[in-house]
Structures are given as C-alpha cells and as structure tokens.
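Right, one structure below, let's go through it.
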Amino acid sequence: MKYIRTKYLSTLCSMTLSVAMLQSCFTGIESTPKITAGDVRREKITSRPEESYLSDILPQPLDSWQPGKRFYVADNKFSILFGKSSPEAQNLQGQTLLFHHADEVTSITGDKVVQLSFTTPAGRIITYDTGQSRASIDRAMQVEVPFTVDMDLVDSVATRIKGQQYYVITPSWYDTALQSRTGRKFVPVTVTDVLPGTAFYPILLKLLDENGQPFCLLMSVGHDMKAPRKFASLFSLSDPRLRYPTITDANWRNIILGRVAEDMTRDECRLALGSPATVDRRPGYSIMSEIWTYENGIYLIFEDGILRSFRQ
C-alpha cells in the first residue's frame, strides 16, 4: 500500500510539472499569432439603412418581359454569343436591342431550352440560346443576357436617386472618360444622371462633388451580381462626420483625403485607409505594439492603439 501511494504521488508531481512547463511555453509573443485579413473582417457589423436602400430594384422575371423591352449592349464580346453565322450581332456595343419574343427550342442534346429573340437598331432579328430550360429560368426568377444592361434597371435606379444628395464613402472615383482616379470620401455629392454602365457594373452614376467638380461611379444592382459594388459600399445617407464627434477637424481632413498622421487612433486609421490585410500584435513589458500591413505596401505601427510611425 505504501508503494502504491508513493507511486501515485510521484505521478501527480510529474503531471503538475508538465502542466506548469506547458503553461510557461505560451507567454510573450507566441501567445499572439499574426491576424489575417479574414480575422480583421470578422468584426460584428451593424446593419445600415443603406444596405436595403435599392434592394427592391431587381430584374424582371422572363414572364414579365414585354416586346420592346430594352437591353443596352455594354461590350462587343456580345457577338461571341452568336458566332460568325450572325453578322447582325457584330459591332453592337453602345447600341440598344429590343426584346422580340421567347421560344422553347430543341438543343443539339435533345433538351428543350429557351431561345430569346431581339431586334437590332437596323431592324434585324438575332437570337440568343440561353442553354436553360424554362423550368430552371422560372426557378431562378430571372434570365441573364450576357454583356448587356437591362435598361429597366437603369430607369428604376434613375427614378430613385437622380437629383438626390448623398455622402460618398469610397475614394475609387472615375473621371468623365471613365479613367480611374483617387477621389475623396465622406463628402456630400449629388447624382446628376444615371446611365447604363459595363457588363460587370451595370449602373453608371454621374455626380458632382461639393465643389461642383464632376466625377463618375460604377454600381451594381440586384441580387445576382458578378462584381458586387452596391449602393451601401458607395454612399451614406447621412453625414458620417456626425457619427464621430471625438475626431478632431485636422484628423477628419486626413480621413477625407485617405491619409494618416502620427497620433491618430486605430479607428481613425481604419476610416482613412480601410481594414489592413494583416495585423501583427506584439505585447511588450509595458506597451502593446501592432503592425498593420496593407496589400499596396502601406504599413502602420501602433503603440497602445496610437499610430507612432508609418509608410504610406
């Protein structure tokens, strides 16, 4: 019995020592692994009214299409859908097609698929084989005509926002020739026109900033988007400045211009530059350091949440 008790105590001591050694291994830098962009974006985001602002503007189901429904050809790749056998479909970029009718035809595999017919500006009929059955189109509640923009969507957006003032929240602007340029954010802008855009971003917005200078933005609409760039990622319905009363005027000017300066907080830097690709946290004896790295080479170094040095 004495031997068993001695062996039990010896085992218990060994286990206690192992736990202590294990705990000692998880101190210092090792306990704070590098945080990825995905981790940074897992923050709880409160729903904004902008998220649902244009959510009711959706493509019409095929059953609702009427003869004469307009489709703007946004890209000359549209002709690929028809091949060389249909010269009427060549060089239609920038022109508008009119829906004529829809048929069910037999494909080369023997399946019934929907074929759409359109009238070109020259008055010729061209047809597009969707490759989908009527049942699958009905289930999806919409049918896409590649490389075109549904003008009913453009008109619906124009009715809703043309002439309205919002606060732009993206610096990714375009000039009037649709060349990319760096703009400002959190400034008031007015929508002066809504036009068909590109195959990826079907809505082209023409705007004036608060100084009367023109610029453009491209926007997505609907729920089946190849390149999401919704209203909520472009605009705020109210002045963002009012949500940050503690930010100084000097720092707010930096944020508008997408710049950072020493002594800005992490929240101010995130407003100015967006979320970083990675965050590397390094606790020291008396301070907590963070290094934010962006994909474009920008990095920021914080001490206890205050920006101390950076490269921009």
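Structure values in brief
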{"read-out": "Spin-label model distance (nm) - residue 103 vs residue 233, 7 Å beyond Cα toward Cβ", "value": "4.0"}
{"read-out": "Built amide H within the under 5 Å cut-off of residue 203, gap 5+", "value": "197, 198, 219"}
{"read-out": "Within region 70-143, trypsin sites (Lys or Arg not before Pro) in DSSP loop having at most 15 other beta-carbon neighbours inside 10 Å", "value": "84, 124"}
{"read-out": "R0 of 25 Å, Cβ-Cβ distance residue 182-residue 289: FRET efficiency to nearest 0.05", "value": "0.25"}
{"read-out": "Potential extension, residue 296-residue 265 segment - 0.36 nm per residue separation minus Cα distance", "value": "9.1 nm"}
{"read-out": "Distribution of pairwise C-alpha distances over region 75-169, 5 Å bins, in %", "value": "2, 11, 18, 20, 17, 13, 8, 5, 4, 1, 1"}
{"read-out": "Per-residue HN-Hα couplings for region 204-220 [Karplus 6.51, -1.76, 1.60; θ = phi - 60°; Hz; x = Gly/Pro]", "value": "9, 9, 9, 9, 10, 7, 5, 9, x, 8, x, 7, 10, 9, 10, 9, 9"}
{"read-out": "Cβ-Cβ FRET estimate between residue 193 and residue 63, R0 fixed at 30 Å, reported to 0.05", "value": "0.45"}
{"read-out": "Label point 7 Å beyond Cα of residue 208 along Cβ direction - residues of region 168-190 with amide nitrogen under 17 Å", "value": "168, 176, 187-190"}
{"read-out": "Whole-Hz ³J(HN,Hα) from phi, Karplus 6.51 cos²θ - 1.76 cosθ + 1.60, for region 127-134, glycine and proline x", "value": "10, 10, 8, 6, x, 10, 6, 5"}
{"read-out": "Net +/- balance of residues flanking residue 305 in space, Cβ distance below 14 Å, scoring K and R +1, D and E -1", "value": "-2"}
{"read-out": "Full-stretch length increase - residue 111, residue 200 - with 0.36 nm per residue and alpha-carbon distance subtracted", "value": "29.1 nm"}
{"read-out": "Residue-normalised accessible area of region 61-136, given per residue in Å² at a 1.4 Å probe", "value": "55"}
{"read-out": "Backbone N under 13 Å from the residue 169 label point (7 Å along Cα→Cβ), restricted to region 230-245", "value": "230-244"}
{"read-out": "J(HN,Hα) series, region 272-277, from Karplus relation 6.51 cos²θ - 1.76 cosθ + 1.60, nearest Hz, glycine and proline x", "value": "6, 10, x, 6, x, 6"}
{"read-out": "Region 195-239: mean projected area of Cα convex hull, nm²", "value": "3.7"}
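The values are calculated or read from the model by the stated rules, or taken from the named source; none is laboratory data. Predicted model only: the values in this text are computed from it and were never measured. Neighbour counts run over all protein chains shown; Cβ positions are idealised from the backbone, glycine included. Side chains included, ligands, DNA and RNA excluded: accessible areas come from the protein's heavy atoms. Shrake-Rupley method; radii C 1.70, N 1.55, O 1.52, S 1.80 Å.
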